[in-house]
Amino acid sequence: MLRLISLFLPTVIPSWRFFNTVAPSPRIEFRLIEPGQSAAHAVGGWQEDRPRPQHLRLWQMLQRMLWNPQWNEQLYLFSCAERLIEAPSQHSIDEINQRVARLLPQGAQELQFRLVFLSREGVRVVKLVEYESRPVPLAQIQEGPI
Amino acid sequence: MSGILFLEQGLTAAQAMGWMQLFLAFAIAQQSLEHLALGGVALRDRVTFVSRLLLCLGLAFGLGGGWPVWGLWGLGLAMLWRYQGPYNGGSDKMTMLILSCLSLAHLAPTVFWQEMALSYLAVQLLLSYFVSGWVKVFNPEWRSGSALRDVFRFSAYPVSEALRGLAERRRFLWIMGWAVILFELVFPLALLNPIALKLALLGAAGFHLSNACFFGLNRFFWIWLCAYPALIWFQDRIF
């Protein structure tokens, strides 16, 4: 009950401190590992989950005013990534695993993800790996609903 | 002339609630359809979103008195639990805030308490702009324009890689950053005049539209619009 109250209160007493600071920005990367093998047998390297398109035309942006489910799911995954660093929970791990796995072709490999945070140090943008998940069988995640 | 008369017009509490419920029905239905479209959605989530769609129909057609609002509030609470927080950050928070205030307005035993619930929403809407401007103006990175450059350069929000190129347009971003800060800070002054308020709300909607185009925050646009009738009523009631 206390947990539910702690989730509800910020919605009726919001802080409204939008973009107070530009915090380190999360990206989710994943790789597939052959079953029973070490991470050295990853199929390909780390790849970004749902990389954004190079260009979007104005009409595509306007279309997304009405219909933008994938991008909103991606924003939710970024929230899960931030929560996983601030207050680690199995819920965040499961949400990321399931939603990354949903967009992958079915396979016998194991799925592993990592959280990379981008931030600015002086004039340079630096990339820091903050979390690496335990590999889990892809088929097992894909069997269940999100 | 008729345009000016329209801009000067206020809303009664009942009218404001009616408009808010109509907008809210659209915004929540849009959110729910997006969830259902993802595919592979668990049965318990499908039940939640289909129920939300049905309640939105009741809300849009004014059926069931306060029940559709109370039902959507209950489902909003269930979603907070399901996602262990808001699914879509500030837009989900605003959805719950509006539903909470409308729920209380429907439960209110007297007109006074109904007006208190709507006033709370109106003040929170004002604060959503003013506090955002206040925290930015005290941040040297926002004042110099480097914060907005960082948003485009490496934040997760720009919807395409090409938009990251805007980070190099320093003068443009400095002007835009200050335009946003000043607009957010002076927004409460628009309460002093009904025409100024409507124009300020139009400007704010344009601000949310640009955020939706650049950063994909479409749900913010629709849900902030839902709260505007409360502020139009509040201005008319107080000034």
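The values are calculated or read from the model by the stated rules, or taken from the named source; none is laboratory data. Being a predicted model, the structure only gives us computed values, none of them experimental. Virtual Cβ from ideal backbone geometry, glycine too; neighbours counted across all protein chains shown. Accessible surface areas use protein heavy atoms only, side chains included; no ligands, DNA or RNA. Shrake-Rupley method; radii C 1.70, N 1.55, O 1.52, S 1.80 Å.
Some notes on this structure:
- Within region B:198-229, being away from chain A (no Cβ under 14 Å), under 14 Å from the mean Cα position of the chain (by Cα) and among the aliphatic types (A, V, I, L, M) holds for B:201, B:202.
- Filter result for residue B:114 (facing chain A (nearest Cβ under 9 Å), part of a helix (DSSP H, G or I) and either touching a residue at least 40 places away in the same chain (Cβ under 8 Å) or within 20 Å of the chain's Cα centre (by Cα) (or both)): no
- Pair list, Cβ < 8 Å and 6+ apart or interchain, from region B:142-153 residues that are farther than 17 Å from residue B:210 by Cβ and open to solvent by less than 50 Å² (accessible area, probe 1.4 Å) to residues that are assigned to a helix (DSSP H, G or I) and acidic (Asp, Glu): B:150/B:141
- Hits in region B:128-138 - residues which are surrounded by fewer than 17 Cβ atoms within 10 Å (Cβ to Cβ) and either under 20 Å from residue A:127 (Cα atoms) or not aromatic (Phe, Trp, Tyr) (or both): B:137
- Any hit, region A:34-57, residues being closer than 23 Å to residue B:95 by Cβ, among the hydrophobic types (A, V, I, L, M, F, W, C) and free of Cβ contacts under 8 Å to residues at least 60 places away in the same chain: no
- Restricting B:84, B:31 to those that are more than 19 Å from residue B:227 (Cα to Cα), of a type in the set (S, T, N, Q) and within 9 Å of chain A (Cβ to nearest Cβ) reduces the list to B:84.
- Meeting the requirement of 1 or more residues that are within 23 Å of residue B:131 (Cβ to Cβ), modelled with pLDDT of 95 or more and of a type outside the set (A, V, I, L, M), the helices (runs of 4 or more DSSP H) wholly within region A:1-87 are A:2-12, A:69-86.
- Looking only at residues in region B:128-151 that are of a type in the set (S, T, N, Q) and within 12 Å of another protein chain (Cβ to nearest Cβ), the one that is farthest from residue B:178 (Cα to Cα) is B:128.
- Qualifying residue in region A:77-87 (condition: open to solvent by 40 Å² or more (accessible area, probe 1.4 Å) and among the polar types (S, T, N, Q)): no
- Candidate set: region A:110-121, residues that are open to solvent by 10 Å² or more (accessible area, probe 1.4 Å) and within 13 Å of another protein chain (Cβ to nearest Cβ); chosen: the one farthest from residue A:82 (Cα to Cα): A:121
- For region B:37-46, the count of residues that are assigned to a helix (DSSP H, G or I) and modelled with pLDDT of 95 or more is zero.
- Residues of region B:47-66 satisfying the condition of being open to solvent by 80 Å² or more (accessible area, probe 1.4 Å) and in a loop (DSSP other than H, G, I, E, B): B:61, B:63
- Selection count where residues are open to solvent by 50 Å² or more (accessible area, probe 1.4 Å) and outside any helix (DSSP H, G or I), scope region A:88-109: 5
- Residue among B:125, B:75 that is within 21 Å of the chain's Cα centre (by Cα) and either open to solvent by less than 10 Å² (accessible area, probe 1.4 Å) or facing chain A (nearest Cβ under 10 Å) (or both): B:125
- Qualifying residue in region B:188-197 (condition: part of a helix (DSSP H, G or I), within 14 Å of chain A (Cβ to nearest Cβ), in contact (Cβ under 8 Å) with a residue 12 or more places away in the chain and of a type outside the set (A, V, I, L, M)): yes
- Contact map, region A:1-15: residues that are within 7 Å of chain B (Cβ to nearest Cβ) paired with residues that are exposed (fewer than 15 other Cβ atoms within 10 Å of the Cβ) and part of a helix (DSSP H, G or I), Cβ distance under 8 Å, separation 6+ or inter-chain. Pairs shown: A:4/B:81; A:7/B:81.
- In region A:11-48, the residues that are at positive phi and not hydrophobic (A, V, I, L, M, F, W, C): A:36, A:44
- Among the residues making up region A:122-146, those that are within 11 Å of another protein chain (Cβ to nearest Cβ), outside any loop (DSSP other than H, G, I, E, B) and either under 17 Å from residue A:33 (Cα atoms) or open to solvent by 50 Å² or more (accessible area, probe 1.4 Å) (or both) are A:124, A:125, A:127, A:141, A:142, A:143.
- Residue B:164 meets the stated requirement of being within 13 Å of chain A (Cβ to nearest Cβ) and open to solvent by less than 60 Å² (accessible area, probe 1.4 Å).
- Counting the residues of region B:16-32 that are open to solvent by 90 Å² or more (accessible area, probe 1.4 Å) and under 20 Å from residue B:198 (Cβ atoms) gives 1.
- When restricted to residues that are outside any helix (DSSP H, G or I) and more than 22 Å from residue A:15 (Cβ to Cβ), region B:75-110 contains 3.
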